[in-house]
Amino acid sequence: MIYVECILLVLLIVCAIVAPLARRGLSAVILYMTFGLILSVLWLVLESPDLAITEAALGAGVTGILFYVTLRKIKRTKDD
Amino acid sequence: MELLKALVEHRYALTASILFVTGLMNLMQQRHLVRKVIGLNIMDASIFLLLASQGYVEGRAAPVVAAGMAEQAAELYINPVPSGLVLTGIVVSVSVSAFSLALIQKIYREYGTTDIKELVHLVKRED
Amino acid sequence: MGRQSTPRKNPWALDPSASGDGRKRSAFVDWVNGDRILHLSAALHEPRERRKRPILVFNEEKMAAQLVQFFRRYHMATTLMCAVLLVIFAWVVITLPRFGDSAAPANNELPAVYLTEGPVETGADNAVTAMIFTYRGFDTLGESCVLFLALSSVMMLLRREDGSMLSAQERTALAKAAAAEPKTRNYIIVQMSRILVPFIFLYGLYVLLGGESSPGGGFSAGAILSAGIILYRHAFGSEATERFMNERVFVAVRTVGLCIYAVLFGAYILLPDDVKSHLTAHLIMPIDVAVGMVVMCTMYGIYALFIRGEI
């Protein structure tokens, strides 16, 4: 069980380091959603199912959508 | 070696500190404003990880008390307090990110760019 | 800007035009409003202004060079600071109590009380839900206020004005956006959301109403329901969503939810003990539902404001 936790934590760190460095905005948002997903699994490992549901829906879902919509607005309205 | 054993034993707190510093560096050094907000979110998540890992007790279950077990409940379930704090924190983190993104949209509408260097240029020129 | 010399005014005189609306206000009110500097700080400000004026010539290349050098030093300084911070954190974190230790200072008698008394007193088996709505209800009240404020701020920032106040540029941008919206929705998303949205709503309601005796509760349910509404809106457009979630419903649910929470939690704190014991076992469910609705409306409202500029 410890090995699973360690692998998940290492994946978490890798996602966090790579997500803001991605070249395209869409890749950054998808990597951020992956970060949220791995974090949700970690909440389950830490025996907090409330946090897991909330993080999966809010962190990985809603925040990712908001980031994506903002990126679309910024790139799209550039040719006004 | 005992250094490796100490690192593995405190894995959550160490990951939390690495994530915090990563998020902080992104918040301070990235040029695009949306990536700064991603860095802010990563910092928030690291603090939640640290908090929730302090509430875990080995061998115990999730804090949903089964019926009729209320007397020995203290020995069977993990600490619910940090879980509650993190629940509040996740929602506040989403609110702050949403507000920052709305601000970024307004900045873009006003100045035409979301690069922090050009923004500093443009804002200084207005002074 | 700042090149013409302003005659030195008596800061305590009643200046009719200081706040811009012609009424004479006292100096104190002006200072509170930020329209006037007091005498002492006026003395500190004015000589500096006179000295700085020759240097305020705007030199673009020098400023660009200064900014480039500043950013280079800034990068090195922040990297160094973060490395030092990482070393300090790692050093301190190793001295934390052992992970999962049941004798850690965090696991003193307080969680034991929450786990044994909580389900009995509040009628909720889920110890986290029982704790955050009754024992630690102020935190949750503050968080609901934060949600309310965040949505209000986003509304203030992003809300599209009514047609008469738009400039010509914004009007053409809006026309272009309206013309560019796809006439036929994305087929995959429409079909999948026809299947998925009912189940998402059903699951959200289950998590909401079962929040007392199983994992879940108000916030998780609000998040799931908001995801369902966002998917519905994305698949079917804003006209279909406005049939059941338009602005009046939205504002009503938000304000009524927050008021319900405040009133019920105030009742929980302030009522005397004998009245409270009848009430406490039934108190969590309305608070839970109210908070779930507030969270759902907030997340959906933020999405709608981002997409279109109005709810």
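We did not get these values from a lab; they are worked out from the coordinates using the rules stated. The structure presented is a predicted model; accordingly, all values stated were derived computationally and were not measured. Neighbour counts run over all protein chains shown; Cβ positions are idealised from the backbone, glycine included.
Just to be sure I understand: with springs between alpha-carbon atoms less than 10 Å apart, which residue in A:Gly64, A:Gly25, A:Gly36 has the highest mean-square fluctuation in the Gaussian network model of chain A?
A:Gly25
Need one value for C:91-103: mean number of C-beta atoms belonging to other chains within 10 Å of its residues' C-beta atoms.
Mean shielding by partner chains, rounded to a whole number: 6.
May I ask you to derive the relative contact order of chain B, considering only C-alpha pairs under 8 Å and at least 6 residues apart, and to give it as an integer percent?
RCO, chain B: 23 percent.
Sequence gap at least 6, Cα distance under 8 Å: using those rules, report the relative contact order of region C:110-307 to the nearest whole percent.
Details: 191 pairs, mean separation 65.1, N = 198.
Here the relative contact order equals 33 percent.
Which FRET efficiency, nearest 0.05, do A:Leu8 and B:Leu76 yield, Cβ-Cβ r, R0 41 Å?
Computed FRET efficiency for A:Leu8 and B:Leu76: 0.95.
Put +1 on the Cβ of each Lys and Arg and -1 on the Cβ of each Asp and Glu in region A:2-79; which of A:Ile53, A:Ala19, A:Cys6 then has its Cα farthest toward the positive end of the dipole?
My answer, from the dipole projection, is A:Ala19.
Taking 41 Å as R0, compute the FRET efficiency from the Cβ-Cβ separation of C:Tyr206 and A:Val18 and round it to 0.05. Show your work: numbers first, answer last.
On the way: r = 36 Å, r/R0 = 0.88.
Between C:Tyr206 and A:Val18 the formula returns 0.70.
Roughly how tilted is helix B:33-53, in degrees to the nearest 10 and between 0 and 90, from the longest Cα axis of chain B?
That helix lies at roughly 10 degrees to the long axis.
If amide hydrogens are placed 1.01 Å from N in the peptide plane, which non-local residues have theirs closer than 5 Å to the one on B:Tyr77?
B:Ala61
How big, on average over all directions, is the shadow cast by the Cα convex hull of chain B, in nm²?
Average of the hull's projected areas for chain B equals 11.4 nm².
What distance in nm separates the simple spin-label points at C:Ala65 and C:Val190, each placed 7 Å from Cα in the Cβ direction?
Taking the two extended label points, one gets 6.2 nm.
Region C:286-311 to region B:26-42: how many Å between their Cα centroids?
26 Å
Of A:Val18, A:Val69, A:Val41, which is the most mobile in a GNM of chain A whose springs link Cα atoms less than 10 angstrom apart?
For chain A, modelled as a Gaussian network with Cα springs under 10 Å, the answer is A:Val69.
Select from region C:191-279 those trypsin sites (Lys or Arg not before Pro) which occupy a DSSP coil region and have at most 12 other Cβ atoms within 10 Å, ordered by residue number.
Values: sites: C:Arg194, C:Arg233, C:Arg243, C:Arg248, C:Arg254, C:Lys276; in loops: C:Arg243.
Here the trypsin sites (Lys or Arg not before Pro) that fit, given the DSSP loop and packing criteria, are C:Arg243.
What residue among B:Val86, B:Val57, B:Val65 shows peak mean-square fluctuation when chain B is described by a Gaussian network model with Cα springs under 10 Å?
B:Val65
Report the Cα centroid-to-centroid distance between region A:1-74 and region C:222-262 in angstrom, as an integer.
Distance between centres, Cα-based: 25 Å.
Once amide H atoms are placed 1.01 Å from N in the peptide plane, what residues at a sequence separation of 5 or more from C:Ser214, or on another chain, have their amide H within under 5 Å of its amide H?
The answer is C:Asn126.
Using 25 Å as the Cα-Cα cut-off, could you pick out the over-long pairs in B:Lys36/B:Lys124; A:Lys75/B:Lys106; B:Lys5/B:Lys36; B:Lys36/B:Lys117?
Over 25 Å Cα-Cα: B:Lys5/B:Lys36.
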